[in-house]
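Taking it in order: structure first as structure tokens, then the write-up.
Throughout, read-outs are computed from the coordinates displayed, never taken from laboratory work. Remember, it's a predicted structure, so these values are computed and weren't measured experimentally. Counting neighbours? That spans all protein chains shown, and the Cβs are built from the backbone with ideal geometry, glycine included.
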């Protein structure tokens, strides 16, 4: 007897388009000044996404600003036709960390389990500092959005959890 999640995985789309958004005032300003910016977390995300066989729909750096984060997310979803958006940075407690506040109102459903599991795995790696993470995820319009901390190690930890489940998650979000 097969389980429902196995049937979902069998019916899930195999080809997915994923966008990466790096939220960072310093990197955004560097990009504005010089035309490019060092983006280790974005680089890690892009490398892992492509190594998993998914298509990189777009990649961008935005300022730690609610409006810019929302605009970047909406462009990724609707203009660049991403099935999944990975947002790195701005999930901490600093006053400029507004990714969760920017993305949260745009989500139809929240995936509370993602944040819980991410913090558990992070705790095993870095100890109690993991409790300071506000990593979150959810769906909007049949597409998935993941908000991750900005460190390359956190991005790697999160994507190791996320990437294997993306087809299944997108299939369910699409209904």
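Some observations on this one:
- Global form of the range 66-175, assessed from the alpha-carbon gyration tensor, a/c cut-off 1.5: oblate
- Three-way shape call for the range 88-140 based on the alpha-carbon gyration tensor, with the a/c threshold at 1.5: oblate
- Modelled spin labels at residue 51 and residue 116, positioned 7 Å past Cα toward Cβ, are 2.9 nm from each other.
- Distance between the 7 Å Cα→Cβ label points at residue 40 and residue 132: 1.6 nm.
- Computed helical MRE - 222 nm, the chain, DSSP H runs ≥ 4 contributing -39500 (n - 2.57), nearest 500: -13000 deg cm²/dmol
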